[in-house]
1. Being surrounded by 14 or more Cβ atoms within 10 Å (Cβ to Cβ), in a helix (DSSP H, G or I) and not β-branched (Val, Ile, Thr) is the filter here; which residues of the stretch 109-143 pass it?
2. May I ask you to verify whether Leu47 is modelled with pLDDT under 95 and in contact with a helix residue (DSSP H, G or I) (Cβ under 6 Å, 6 or more places away or on another chain)?
3. What's the number of the only condition in (1) modelled with pLDDT under 95; (2) part of a helix (DSSP H, G or I) that Glu166 fails to meet?
4. Look through Arg54, Arg85 and report the one residue that is among the charged types (D, E, K, R), outside the structural domain of Ala132 (by TED's automatic domain parsing) and not in a loop (DSSP other than H, G, I, E, B).
Amino acid sequence: MATNPSPVPSPSAKRAICDRCGARGWLEPGEERTCTECGGPYRPMALLEGIIDRWFAPPVQHVSEFYPRHLKLIELMWTAEGRGREMYEALGLDRVSYSAFLSRATQLVVRGLSEGWIVADIPAAPTADDHAYGVRFLDPERWADELTAAFAEDVPVPDGRTSGIEGDPDLR
């Protein structure tokens, strides 16, 4: 059973379909493949199946199992011990839901991690001790500035307006 380690099929590969669930993939010449979804065998598509697949099948997509879980872990780490709720309330965001705040702020934390002004502490092996997981803001002033800027249009200005946008129905 030959396997193709590359995600890009070779020019000699044939479009294939799982006999049980209809999952699609590629078969290299002489390759036998088992479906990862249902365990059924893949077979080369018949001519009509291939034509219809080429016209109507959705494009091939890669769905990461890790990315959404990684984001959730980061969210859980930076909002631990009520920190997320505390920051939400400190910003006084009347027109932004807490879940929208979490989503936008978590993306900011991810950016901070990639740029190096935020550090994630994750133990080498999973542990039940929640204190082993954490997020450190190496530049807390930048975190505050970036977080405030991320919600600038939603933060009330001193005279009670919510934005400076011309035509904003909230301006009086």
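The values are calculated or read from the model by the stated rules, or taken from the named source; none is laboratory data. Remember, it's a predicted structure, so these values are computed and weren't measured experimentally. Here Cβ is always computed from backbone atoms with ideal geometry, including for glycine, and neighbour counts include all displayed protein chains.
1. Matches in the stretch 109-143: Gly112, Leu113, Arg142, Trp143.
2. Values: modelled with pLDDT under 95: yes; in contact with a helix residue (DSSP H, G or I) (Cβ under 6 Å, 6 or more places away or on another chain): no.
Taking the combined requirement at face value, the residue does not satisfy it.
3. For Glu166, the failing item is (2).
4. Working: Arg85 fails: outside the structural domain of Ala132 (by TED's automatic domain parsing).
None of the other options fit; the residue is Arg54.
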